[in-house]
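Peer 1: My questions will all concern the structure given below.
What follows draws every value from the coordinates through simple rules; no lab data is involved. What you see is a predicted model, and the numbers here were worked out from it, not measured in a lab. So basically every Cβ, Gly included, is an ideal-geometry build from the backbone, and we count neighbours across all protein chains shown.
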Amino acid sequence: MLWQVQEAKQRFSELLRAAASEGPQIVTRHGHEIAVVIEVSEFRRLRGDTADFKDYLRSGPEFDDLELVRSDELPRDIEWAQER
């Protein structure tokens, strides 16, 4: 949808809702397209702002802060089936 600058300023919340529900919204000044309003997720996708897997793993909790305790119990006995 096309929005004139003055209309976009006056109805900014509606412009944002339209961008979220209907997709990119174009803002014009004197009939010339000057800007596009898009959702931030779409902006990041277009810009290529995706974290690589290594950065994703590094963003997790510090393992030094975790209290990991292993049980002292012996594992259960397993009876192996006879081969046929």
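Peer 1: If you place +1 on the Cβ of every Lys and Arg and -1 on the Cβ of every Asp and Glu, how big does the dipole about the Cα centre of the chain come out, in debye to the nearest 20?
Peer 2: Working: 12 positive and 18 negative charges, 181 e Å.
Value, rounded to 20: 860 debye.
Peer 1: Compute the relative contact order of the chain as a whole-number percentage, counting only Cα pairs closer than 8 Å that sit 6 or more residues apart in sequence.
Peer 2: After rounding, I find 20 percent.
Peer 1: At q = 0.10, 0.13, 0.16 Å⁻¹, what base-10 log of I(q)/I(0) does the Debye formula yield for the chain when every alpha carbon is treated as an equal point scatterer in vacuo?
Peer 2: For the chain, the Cα-only Debye profile gives -0.55, -0.67, -0.80.
Peer 1: Restricting to DSSP H runs of at least four residues, report the calculated mean residue ellipticity at 222 nm for the chain, -39500 (n - 2.57) per run over all residues, nearest 500 deg cm²/dmol.
Peer 2: Helix contribution divided over all residues of the chain: -9500 deg cm²/dmol.
Peer 1: List the residues, sorted by chain then number, that are 5 or more residues from residue 27 or on another chain and whose placed amide H is less than 5 Å from its amide H.
Peer 2: 3, 34, 35, 36, 37
Peer 1: Now for a separate question. What range in the chain is the longest one free of GluC sites (Glu not before Pro) that are in a loop by DSSP and have at most 12 other Cβ atoms within 10 angstrom?
Peer 2: In the chain, the maximal stretch lacking such sites is 1-61.
Peer 1: Short version: ³J(HN,Hα) in whole Hz for each residue of segment 16-33, in order, from phi by Karplus 6.51 cos²θ - 1.76 cosθ + 1.60 (θ = phi - 60°), x for Gly and Pro, what are they?
Peer 2: Whole-Hz 3J(HN,Hα) from phi for segment 16-33: 5, 4, 5, 4, 6, 9, 10, x, x, 10, 9, 9, 10, 9, 6, x, 9, 5.
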